[in-house]
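Take a look at the structure below.
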Amino acid sequence: MKKRLPSLSSYGNGWPASRRIVIVASAVAVLLAIAGIVALLTGGGNGHPAPDTAAPAPSGSPSSSEAAPKPSSGSGSVSRPPQIAEPVAYAKAAAQMLWSYDTRDTSRAQQLAGMRAWMTTETKYADWASVSGQVPDPLLWSRMADQDQHATASVTEGHYPSAFKQALADDPSAITEAYIYVVTVNGTQQIAWKKGGGGAEERAVTLAVQCRPNHDCTLAAIAPSVTQ
């Protein structure tokens, strides 16, 4: 049986400290005084790393300063962001997008462009590095494409982590600074490649989603670890 290459969602577990500080300091503002939410956004929760993969991880990964792709590059098979104004529903859709890819008809540049379309345009809240870091480097993407590797995903549930709910209960008005919500999503990823190879893996991710009143939600960041 042919061993598959690492899955797309195995990458980007690091959240650059400088960007994390900005996200925490500006997006959650008043909530900084609450220990639970600080731990949540700095990766202090219970992590759920992706299962070990058959092939070794690549020696290089996308730079945290990698420029966002231009819209003209297209988005291949990457789904377009839905018009949803509810944080949990949007986070579930975003997680499904992040866990889905198709190297048979989508280039790495198109994958990045498609993911970029989900991001908030408010630059001081957008951690593009945490999202683009989910995509393997060009060499590994090419290897995945050689094997026609592709994946689909199903989401089982999404919820606000307990620390985030407690923070909002303690100070309901604090969210009004940036309207960024923390949502954890659980689901399953189905991966397939040449000659009938494939498998399924459970996935979990904690996302920062911006949902301002009277606006559709957008993705702000991916946390470095999963918090339930």
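The values are calculated or read from the model by the stated rules, or taken from the named source; none is laboratory data. Please read all numbers here as calculations on a predicted model, not as lab measurements. Positions of Cβ are generated from backbone atoms using ideal geometry, with glycine treated the same way; all protein chains shown enter the neighbour counts. What goes into the accessible areas is simple: the full protein's heavy atoms, side chains included, and nothing from ligands, DNA or RNA. Shrake-Rupley method; radii C 1.70, N 1.55, O 1.52, S 1.80 Å.
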Q. What is the calculated FRET efficiency for Thr156 to Asp105, with r their C-beta to C-beta distance and R₀ = 30 Å, to the nearest 0.05?
A. 0.65
Q.
Rounded, prolate or oblate, given the Cα gyration tensor of segment 80-170, with a/c below 1.5 counting as rounded?
A. prolate
**Q.** Neighbour net charge for Ile180 - beta-carbon separation under 12 angstrom, K R +1, D E -1
**A.** -1
Q. Put +1 on the Cβ of every Lys and Arg and -1 on every Asp and Glu Cβ in segment 90-169; which of Ser107, Ala163, Met97 then has its Cα farthest towards the positive end of the dipole?
A. Ala163
Q) Which percent of the accessible area of segment 83-139 is formed by carbon and sulfur heavy atoms (probe 1.4 angstrom)? A) 53 percent
Q) Using the heavy atoms of the protein chains alone and a 1.4 angstrom probe, what is the accessible area of segment 146-228 per residue in square angstrom? A) 41 Å²
Q. Relative to the Cα centre, what is the charge dipole magnitude of segment 107-228, using +1 at the beta carbon of each Lys and Arg, -1 at the beta carbon of each Asp and Glu, and rounding to the nearest 20 debye?
A. 380 debye
